[in-house]
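These notes concern the structure reproduced below.
The values are calculated or read from the model by the stated rules, or taken from the named source; none is laboratory data. The shown structure was predicted, so the numbers you read here are calculated from the model rather than taken from an experiment. Cβ placement follows ideal geometry from the backbone for every residue including glycine, while neighbour counts extend to all protein chains displayed.
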Amino acid sequence: MKPRPAFDPQFTIFGHRGAAGCAPENTLLGFHTAIAQGVAWIECDVQAHPEALLLFHDDRLRRTTGARGRLLDTPLATLKTLDAGGGSTIPTLQEALAALQGRVALNIELKAGDAVAERTGEALCRAVEEGWDPAQLLVSAFDHTALQRFCLAAPQIPVAPLFDRPSPRMVEVARSLDAAAIHIGLAVATPIVLSALDEAGLPIHVYTINQPALADRLRERGVSGIFTDYPQRFILRD
Ligand code: G3P
Ligand code: MG
């Protein structure tokens, strides 16, 4: 039986890749910035490098580190010499779990790499054994087969399927995963789709929203939370 994730009953703000608009994305510096801005949830991206699970969004290194090449083809020792922004290194999932335990809840999005679902499942099972509360963890993916494989590896961790386009199978996919939430892109969050998703009876979280007025409109349509690059616009404005 999966626990219910510790979402904000009013409205959940997820710091997208930490606080990607304010600090280097997917870095411990960015995660600490998001926490300082008051978020209770941080979203990050995980890739299964041959030597470690790494928090990194892109396939290529250039945009965030200035280096040439692909993340998954570069030795870990080389990756660890790169500046991912503000002097931060590319963190391993392990490093982030150790740094953040008890300070924030973590939405880990499965991206690329060999056996990313199984390896992340094993890592999170270990994290729970070592004291992470499973209600403070949520794993999501656009690849719903990978999410299914994650559930087999870590049945006690809550999951949320991601959708970047509408599909008539959204509720069915969420049910088949025993999902705790449904995560959708802004283009998917139309009144028609949102009303169809009501049937699932699950929180709907929308990415990536950086304008408070837009978040207010989504909230009026029944959306339960958003991902943002600028958490302070949403948290410190009241
Ligand atoms: O998990 C929400 C969002 O992060 C999905 O898109 O490309 O920013 O990882 P992306
Ligand atoms: Mg992501």
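Of the numbered conditions (1) in contact with an Asp or Glu (Cβ under 9 Å, 6 or more places away or on another chain); (2) closer than 23 Å to G21 by Cα; (3) within 16 Å of ligand 1 (Cβ to nearest atom), T65 fails exactly one; give the number of that condition.
(3)
What's the number of the condition Q10 fails, among (1) closer than 16 Å to K111 by Cα; (2) free of Cβ contacts under 8 Å to residues at least 24 places away in the same chain?
(1)
Could you please give the count of residues in the range 112-133 that are outside any strand (DSSP E or B) and under 27 Å from V188 (Cβ atoms)? Walk me through how you get there before you give the answer.
If we filter the range 112-133 for residues that are outside any strand (DSSP E or B), which is where we start, we get 114-133.
Within this subset, residues satisfying the condition of being under 27 Å from V188 (Cβ atoms) are 116-117, 120-121, 124.
Result for the range 112-133: 5.
Would you mind finding the one in F142, F163, F150, F227 that is of a type in the set (F, W, Y), within 16 Å of M1 (Cα to Cα) and within 15 Å of ligand 1 (Cβ to nearest atom)? Give the steps one after another, and end with the answer.
Numbers: F142 fails: within 16 Å of M1 (Cα to Cα); F163 fails: within 16 Å of M1 (Cα to Cα); F227 fails: within 16 Å of M1 (Cα to Cα).
Only one candidate passes the filter, namely F150.
Report the residue count in the range 26-47 for those that are part of a loop (DSSP other than H, G, I, E, B) and among the small types (G, A, S).
Filtering the range 26-47 for residues part of a loop (DSSP other than H, G, I, E, B) gives 26-27, 37-40.
Retained after the next criterion (residues that are among the small types (G, A, S)): 38, 40.
Residues meeting the conditions: 2.
Out of all the residues in the range 218-225, is one or more touching a Cys at 6+ places or on another chain (Cβ under 9 Å), of a type outside the set (S, T, Y) and assigned to a helix (DSSP H, G or I)? Break it down into steps so the answer makes sense when it comes.
Of the residues in the range 218-225, the ones touching a Cys at 6+ places or on another chain (Cβ under 9 Å) are none.
Within the range 218-225, none of the residues are touching a Cys at 6+ places or on another chain (Cβ under 9 Å), of a type outside the set (S, T, Y) and assigned to a helix (DSSP H, G or I).
Could we say that S167 is small (G, A, S), surrounded by fewer than 16 Cβ atoms within 10 Å (Cβ to Cβ) and either at pLDDT below 95 or part of a loop (DSSP other than H, G, I, E, B) (or both) here? Walk me through how you get there before you give the answer.
On the way: small (G, A, S): yes; surrounded by fewer than 16 Cβ atoms within 10 Å (Cβ to Cβ): yes; either at pLDDT below 95 or part of a loop (DSSP other than H, G, I, E, B) (or both): yes.
Spelling it out, S167 is indeed small (G, A, S), surrounded by fewer than 16 Cβ atoms within 10 Å (Cβ to Cβ) and either at pLDDT below 95 or part of a loop (DSSP other than H, G, I, E, B) (or both).
Which numbered condition in (1) within 15 Å of T27 (Cβ to Cβ); (2) surrounded by fewer than 14 Cβ atoms within 10 Å (Cβ to Cβ); (3) of a type outside the set (S, T, Y) is the only one that P75 fails?
P75 satisfies all of (1) within 15 Å of T27 (Cβ to Cβ); (2) surrounded by fewer than 14 Cβ atoms within 10 Å (Cβ to Cβ); (3) of a type outside the set (S, T, Y) except (1).
Only one of D114, D143 is of a type in the set (D, E) and touching a strand residue (DSSP E or B) at 6+ places or on another chain (Cβ under 6 Å); which? Outline the logic, then answer.
Working: D143 fails: touching a strand residue (DSSP E or B) at 6+ places or on another chain (Cβ under 6 Å).
After ruling out the rest, the residue left standing is D114.
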